[in-house]
Amino acid sequence: QVQLVESGGGLVQAGGSLRLSCAASGRTFSRYGMGWFRQAPGKEREFVAAIAGWSGSTTYYADSVKGRFTISRDNAKNTVYLQMNSLRPEDTAVYYCAANSDSYLRFQTAYDYWGQGTQVTVSS
């Protein structure tokens, strides 16, 4: 069982930056693939970024955030991060952290554990 708690959301102006954190419980965090997803009002939840388990040497990004967002992990701290730069109003959403068995990282149906979400609002 893994429990995930996101933090770092807030209100920021367009062009600004935020760093989201996701703290995980459990002693086997390093083996989990980790992902970030988001859901905007009236829209379905969508993939944002993911990082493979263990060293995290493999990362994946949605085209809409590539070059602006960076996912990383610190296994010693049981934490995954999402650095978001050059934020746009269309990035406004609730951002969710999720953990899975380190496969099919782009697909939310492959994730077993989810956090409660953190709100990110980007003003124009």
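What nm distance separates the two modelled labels at Lys43 and Phe107, each placed 7 Å from Cα along Cα→Cβ?
Once both label points are built, they end up 2.3 nm from each other.
Could you give the length gained by full extension between Ala62 and Ser123, i.e. 0.36 nm per residue of separation minus their alpha carbon distance, to one decimal place?
Gain on stretching Ala62 to Ser123: 19.8 nm.
If you take every DSSP beta bridge fully contained in the chain, what fraction is antiparallel? Give it as a percent rounded to 5.
90
For the chain, calculate the relative contact order in percent as a whole number, restricting contacts to Cα pairs under 8 Å that are 6 or more residues apart.
In percent, rounded to a whole number, it is 35.
Can you tell me the FRET efficiency between Ala23 and Ser86 if r is taken as the Cβ-Cβ distance and R0 is 22 Å, rounded to the nearest 0.05?
FRET efficiency, Ala23 to Ser86: 0.30.
Give the residue from Leu11, Thr79, Tyr113 lying farthest towards the positive end of the charge dipole for the chain; charges sit on Cβ (+1 for Lys and Arg, -1 for Asp and Glu) and the dipole is referred to the Cα centre.
Result: Thr79.
Over the Cα atoms of segment 45-105, how large are the radius of gyration and the largest Cα-Cα distance (Dmax), in Å?
11.8, 34
All of the numbers you see were taken from the coordinates with simple rules; none came from a lab. Keep in mind the model is a prediction, meaning the values are calculated, not measured. Here the Cβ is made from the backbone with ideal geometry for all residues, glycine too, and neighbour counts use every protein chain on show.
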